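Beneath this line is the structure, given in structure tokens, with notes to follow.
The values are calculated or read from the model by the stated rules, or taken from the named source; none is laboratory data. Bear in mind the structure is a predicted one, so any value in this text is a computation, not a measurement. All Cβ positions, glycine included, derive from the backbone under ideal geometry; neighbour counts span all protein chains shown.
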Amino acid sequence: MLVKVARGWEIPEREATPEHLYRDRRKLLRTMGFAGMGALLADALPAATEDAPLYPAKRNTKYTLDRPLTPEPVATGYNNFYEFTLDKQQVRFRVDKFKIDPWTVKVKGLVNNPKTYDIDDLVRRFPLEERLYRFRCVEAWAMAVPWTGFEMSALIREVDPKPDAKYMRMVTAYRPREMPGIISQPHYDWPYEEAMTIDEAMNELALFGTGLYGKPLPKQNGAPVRAIIPWKYGLKNIKSIVEIEFTKKRPPTLWNKAVPGEYGWYSNVNPERPHPRWSQAQERMIPTGEIRPTYMYNGYEAFVAELYTGDEY
Ligand SMILES: Nc1nc2c(c(=O)[nH]1)N[C@H]1C(S)=C(S)[C@@H](COP(=O)(O)O)O[C@H]1N2
Ligand SMILES: [Mo]
């Protein structure tokens, strides 16, 4: 590893987000409003809290880990983002030109309320929370990270898919001048696109992620908004989303088109279905190298098994 960091087990879970800071800040605002600033300024308080920091968001403790959290410098320094480079430890040095402000996400297709969200509106429109999730790449490495985001279901309910919509397609920004990997890897069918069924996207685990380690997402991790689907391989967790489309027909996805034998359309984590070139029965934790058994649906079977017959891959 290039990155030199404390071992995962040396970092207590609670340090991922200093939640007490967030709480204290809120309390301070209130105290100032009522005691310090007087009635006139107290009236202005709602405006002030609108500008209140989004991060760190309150952690939802329903989602727990069975392993140490990956240290932040590792999760932000070992990335797959092929639009920049295939070298995982170099992605973060290739994102300088990538502009994430201004940013809009266009929602279109078979919905009653098509809409283009400005990112500043999107991050305040739906409740942000922090969740600790396992993360499993199809390459058989794994991490455990604290995401911040909002449930995909919240946005889906707002745009209101029509009855014949069955799938949700997501598309990454296509900016060859800002993304050097697009130029150096012309053989991929850019832009990166991914998809899932609307039923899958409505599952409580599925998030649109906007933050990591109690801060806004770094560019190398898919700023300003990405998919977080913890029971699927990492490749489904599409980064830097600019468009979301609801469709009747199953949309193609970049990896499933490129190598259908290697990456199934569903790409659910499954220890029993090997990749053509390696087993998926085990996974290697980054950066410790610890080998752990891979769980069906990445350990989220209780949440998602009802979505599947067992034949999907
Ligand atoms: N647009 C885009 N999204 C992407 C990828 C990519 O190359 N381009 N790589 C995927 C893969 S293979 C993985 S493992 C995860 C890695 O996310 P991370 O760098 O935040 O760990 O992003 C996924 N999303
Ligand atoms: Mo991956």
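If the Cβ limit is 9 Å and pairs must be 6+ apart or interchain, which residue in the range 225-237 that is polar (S, T, N, Q) pairs with which residue that is within 7 Å of ligand 1 (Cβ to nearest atom) and assigned to a loop (DSSP other than H, G, I, E, B)?
That search, which allows pairs on different chains as well, returns N237/G222.
Being farther than 22 Å from T104 by Cα, away from ligand 2 (no atom under 14 Å from the Cβ), surrounded by fewer than 24 Cβ atoms within 10 Å (Cβ to Cβ) and not aliphatic (A, V, I, L, M): is that true of E204 here?
Details: farther than 22 Å from T104 by Cα: yes; away from ligand 2 (no atom under 14 Å from the Cβ): yes; surrounded by fewer than 24 Cβ atoms within 10 Å (Cβ to Cβ): yes; not aliphatic (A, V, I, L, M): yes.
When the stated conditions are applied, E204 passes them.
Hey, any hits in the range 119-137 for a residue that's basic (K, R) and over 30 Å from R292 (Cα atoms)?
Yes, because at least one residue in the range 119-137 is basic (K, R) and over 30 Å from R292 (Cα atoms).
Could you grab me the full set of residues in the range 126-168 that are of a type in the set (D, E, K, R), touching a residue at least 12 places away in the same chain (Cβ under 8 Å) and away from ligand 2 (no atom under 16 Å from the Cβ)?
Selection gives E129, E130, R131, E151, E158, D160, K162, D164, K166.
Does L132 meet the test of being more than 11 Å from ligand 1 (Cβ to nearest atom) and touching a strand residue (DSSP E or B) at 6+ places or on another chain (Cβ under 9 Å)? It would help to see each step written out before you state the result.
Numbers: more than 11 Å from ligand 1 (Cβ to nearest atom): yes; touching a strand residue (DSSP E or B) at 6+ places or on another chain (Cβ under 9 Å): yes.
Taking the combined requirement at face value, the residue satisfies it.
Is it the case that V171 is away from ligand 2 (no atom under 16 Å from the Cβ) and over 29 Å from A52 (Cα atoms)?
yes
Does E272 count as loosely packed, with under 12 Cβ neighbours inside 10 Å, among the charged types (D, E, K, R) and modelled with pLDDT of 95 or more?
yes
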